[in-house]
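K.L.:
The following block contains the structure, expressed as structure tokens.
The values are calculated or read from the model by the stated rules, or taken from the named source; none is laboratory data. None of these values were measured; they are calculated from a predicted model. Quick note on the areas: whole protein, heavy atoms, side chains included, nothing else; ligands and nucleic acids left out. Shrake-Rupley method; radii C 1.70, N 1.55, O 1.52, S 1.80 Å.
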Amino acid sequence: MSTGVIIVLIVIVAAVLVVAAVFALRARGPQHGGSLKRRFGPEYDRAVVRHDGDTKAAERELSERVRRHGSLHTRPLEPAERERFEARWTAAQERFVDSPREAVGEADRLLAELAGARGYPDGAQYEEQLAALSVHHAHHVDGYRRVHRVTHAQAQTHTAGADSGGAGTAAASDTEELREALVAARALFEQLVRPGRHDDGRPGTGARVAPAAASGPASAPGSTPASTPASEPAARAPHGWSLGKRRPKES
């Protein structure tokens, strides 16, 4: 075997080893706390709290989410599908002023259906669907969690009130909780219905929504929720009508 052939073989083997090392580092990346914090953002903090401050346990849970759902490939919506989802979201927002519970319940169902249509686990598997969404939309998924939690809590309260002979009318504090949940959920809806060029939910990609509690007077019922930072133009999508207002009639 000539010297030239030996050199070529050495170069090929070295290249293969380098490529293997790169893939190994990428595979190990999500296992490191720093990488997980960057990827999951607020979801990382929630996981730590859920595990009573045990960061190792939280990181094992998040790494498992990445393992199960990190390679998930979503599918784009057809234009007709997108229009139907947007119309339903707009209707839910407009319905809020008269029937806040029903509006938030519809938002919960709508997000489950929309995520399923994009290729995430079926909405009937709520926990698995939420885990998959958290991997790709970590900075927006909590809105879905809130409408789902509030919807089920309100349903249980309403049932208990009916069983005890109560009227089941929502108090002002309940309505505010429902409003905040719906405002927060709209961020994930916008990410899913109109995905950005980098559809991974990380910082700097897609729409960002200020927390409902910090939205101030602008997010009160009957005004426009803060869906985008003040320096950015307001969303022009059909579903962007103010929460609590009916869509104006076409002239």
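K.L.:
Restricting attention to region 30-82, and to residues there that are among the acidic types (Asp, Glu) and assigned to a helix (DSSP H, G or I), which single residue is nearest to Asp122 (Cα to Cα)?
P.N.:
The residue in question is Glu81.
K.L.:
Report, by residue number, each residue of region 99-125 that is open to solvent by less than 10 Å² (accessible area, probe 1.4 Å) and small (Gly, Ala, Ser).
P.N.:
Hits for region 99-125 are Ala103, Gly105, Ala107, Ala115.
K.L.:
Now a separate question. How about region 44-86: which of its residues are of a type in the set (Gly, Ala, Ser) and open to solvent by less than 60 Å² (accessible area, probe 1.4 Å)?
P.N.:
Ala47, Gly53, Ala57, Ala58, Ser63, Gly70, Ala80
K.L.:
Going residue by residue through region 84-99, is there one that turns out to be modelled with pLDDT of 95 or more, part of a helix (DSSP H, G or I), of a type in the set (A, V, I, L, M) and over 24 Å from Arg179 (Cα atoms)?
P.N.:
No: zero hits.
K.L.:
If you scan region 111-132, which residues turn out to be part of a loop (DSSP other than H, G, I, E, B) and among the acidic types (Asp, Glu)?
P.N.:
Passing the criteria: only Asp122.
K.L.:
Of (1) open to solvent by less than 50 Å² (accessible area, probe 1.4 Å); (2) within 16 Å of the chain's Cα centre (by Cα); (3) of a type in the set (Asp, Glu), Glu128 satisfies all except one. Which?
P.N.:
(1)
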